[in-house]
Amino acid sequence: IRLQPDLSEFLQVFRDAIFNPKNGATYRALSAEAFTKEGLSPTLVAFDEVHAQPNRELWDVMQLAAGARTSPMMIGITTAGVKVDSSGKDSLCFGLYEYGKKVALGEVVDPTFFMSWWEAPDGMDHRDPATWRAANPGFDDIVSADDFESVVNRTPESEFRTKRCNQWVATSSTWLPAGAWDLVTDPHRVVPDGTDIVLAFDGSFNGDCTAIVGVTTDDVPHVFVVDAWEKPDGEAADWQVPVADVEQSIRDACARWQVREIACDPYRWARTFQVLEDEGLPVVLFPQSASRMTPATTRFFEAVLNQALSHDGDARLARHVGNATLKSDARGSRLAKESRHSQRRIDLAVASVMGVERAAFWASQGGGLPMVFDPWSLDELGDVSE
């Protein structure tokens, strides 16, 4: 500004601010403390390196401070960063990224939110210049190709993928290899009414997700989402899954297809499944104990890798599968969230694993046996709270 006479005539420059006396507007660089920003009324906020925020306090203060402005705008600029913050919940940056994907996929309608994001597709070699170009629209222009070639061999892969390939790198072991789920997508496969299927249920009452997945019992099982209930963004903490709607959805599915069994983890849903069993529906107990989920997870993993199953391409299912990680201990390996407090849901993935396991049983029996019900074993019920 000081080097430009046209600007220096009417703008006043200070150490951390630029002031325009004609309209009272101030451009100011702010420090990171959130509590000192209360009372501001910004028209435009440019928030650089969102991934570096330890929590969302400053973001929320600045976002809410613009309420008195007619057309406020908040711009976040960032590369990918850590998925989980210090509290064990989704980081601010990753939460915005996930929200942006929902808007792009049409899961959330929000015309006030725009996200433009470049990232290298999963599975690409981080040393390949094609990967660098995919994640950097200014590659070999405003960012140097020579610099990429120079640092790629002396930078840890996870760091390079985050900062130069704009990929989220999980801190836990990922479940499926990158790109494997996409290879078994078959959105055109139709499951006709009357087809032999297994229903798999994984649910909660509030705060999480309740999922119903169907799986055909043929040699190459097809996984498809029957219904799912997720707590909408912005809902109060007392939001609950509509139990009556869940029960009716199960009844409707049993009326439409030949449901061999409804595999369910009864934790917190014992009354619902007792009611459905009393109505004559084929309820089968499937507690998510390590002894059941370890072999089921292995079967599912191998089926995906060998392209021995297909799925309907549902965006919610893809998101849940992508959110899942492996929890391994002395009892075996099974699906889990990245952290206990994570808000990233995996229920559709868990239900899919259960459904493929039980569909394999029915396929091995030719799909024509009478209904067989597992006992409601109190010994097994003791392990379902995990």
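Percent relative contact order of the stretch 275-338, based on C-alpha pairs within less than 8 angstrom and at least six residues apart? Relative CO of the stretch 275-338 lands at 33 percent. When only the Cβ of Lys, Arg, Asp and Glu is charged (+1, +1, -1, -1), the dipole of the stretch 248-349 relative to its Cα centre reaches about 420 debye. Contact order for the stretch 111-256, expressed relative to its length and based on alpha carbon pairs under 8 Å spaced 6+ residues apart, stands at 14 percent.
Computed 3J(HN,Hα) for the stretch 57-68, one whole-Hz value per residue from the Karplus formula 6.51 cos²θ - 1.76 cosθ + 1.60 where θ = phi - 60°, is 4, 5, 4, 5, 4, 6, 5, 7, 6, 8, x, 7, glycine and proline marked x. Among beta bridges from DSSP that stay inside the chain, the antiparallel ones total about 60%. Per-residue ellipticity at 222 nm, computed for the chain from helices alone with -39500 (n - 2.57) per DSSP H run of at least four residues, works out to -9000 deg cm²/dmol. Rounded to the nearest 20, the Cβ-based charge dipole of the stretch 99-139 about its Cα centre (Lys and Arg +1, Asp and Glu -1) stands at 80 debye. Note on the chain: with neighbouring protein chains present and a 1.4 Å probe, carbon and sulfur make up 51 percent of its accessible heavy-atom surface.
A Förster distance of 30 Å, applied to the separation of the beta-carbon atoms of ILE75 and ARG271, puts the FRET efficiency at 0.05.
Using a simple spin-label model with pseudo-atoms 7 Å out from Cα toward Cβ, TRP117 and LEU44 lie 2.5 nm apart.
Note on the chain: GNM, Cα springs under 10 Å; of VAL13, VAL151, VAL108, the largest mean-square fluctuation is that of VAL13. Counting only alpha carbon atoms, the long axis of helix 92-105 and the longest principal axis of the chain meet at about 70°. Gain on full extension, evaluated as 0.36 nm per residue between VAL243 and ALA52 minus their Cα-Cα distance, stands at 64.7 nm.
When the label point is put 7 Å from the Cα of ARG2 along its Cα-to-beta-carbon vector, which residues of the stretch 16-37 have a backbone N closer than 14 Å? Inside the label zone: 16-18. As a length-normalised measure over Cα pairs under 8 Å and 6 or more apart, the relative contact order of the chain settles at 15 percent. Anyone know which of ARG127, ARG271, ARG154 comes out most mobile in the 10 Å Cα GNM of the chain? So, out of ARG127, ARG271, ARG154, the one fluctuating most is ARG154. At the residue level, THR43 shows approximately 80 square angstrom of accessible surface with a 1.4 angstrom probe and all protein chains present. Note on the chain: Cα convex hull, mean projected area over all directions, 24.7 nm². On the principal axes of its alpha carbon atoms, the stretch 45-137 extends 48, 30, 25 Å, with the longest extent given first.
Between GLN12 and GLU302, the contour length at 0.36 nm per residue exceeds the alpha carbon distance by 97.8 nm. Rounded to the nearest 10 degrees, the angle from helix 347-364 to the longest Cα principal axis of the chain is 30 degrees.
Evaluated with a Cβ-only charge set (Lys, Arg +1; Asp, Glu -1), the chain carries a dipole of roughly 840 debye about its Cα centre, given to the nearest 20.
Residue separation of ASP128 and ASN20 scaled by 0.36 nm, minus their Cα-Cα distance, works out to 34.1 nm of gained length. Toward the positive end of the charge dipole of the chain, with +1 on the Cβ of Lys and Arg and -1 on the Cβ of Asp and Glu, the farthest Cα among VAL241, PHE113, VAL353 is that of PHE113. Phi-derived couplings, Karplus 6.51 cos²θ - 1.76 cosθ + 1.60 at θ = phi - 60°, listed residue by residue for the stretch 245-260: 5, 4, 4, 5, 4, 5, 4, 4, 5, 5, 6, 7, 10, 7, 7, 6 Hz, with x used for Gly and Pro. Can you tell me what percent of all Cα-Cα pairs in the stretch 278-336 are more than 20 Å apart? Counting every Cα pair in the stretch 278-336, those more than 20 Å apart make up 41 percent. Considering only SER310, SER289, SER144, the Gaussian network model of the chain with Cα springs below 10 Å gives its largest mean-square fluctuation to SER144. What percent antiparallel are the DSSP beta bridges of the stretch 1-144, to the nearest 5? Taking every DSSP beta bridge within the stretch 1-144, about 55 percent pair in antiparallel fashion. Excluding ligands, DNA and RNA, the accessible surface per residue across the chain is 54 Å² with a 1.4 Å probe.
By the scheme Lys and Arg +1, Asp and Glu -1, what is the net charge of all other residues having a beta-carbon under 14 Å from that of MET124? Spelling it out: positives minus negatives among the neighbours equals -2.
The values are calculated or read from the model by the stated rules, or taken from the named source; none is laboratory data. Owing to the predicted nature of the structure, the values given are computational and were not obtained by experimental measurement. FYI the Cβ positions are ideal-geometry reconstructions off the backbone, even for glycines, and counts take in every protein chain you see. Please note that ligands, DNA and RNA were not included when accessible areas were found on the heavy atoms of the full protein model with its side chains. Shrake-Rupley method; radii C 1.70, N 1.55, O 1.52, S 1.80 Å.
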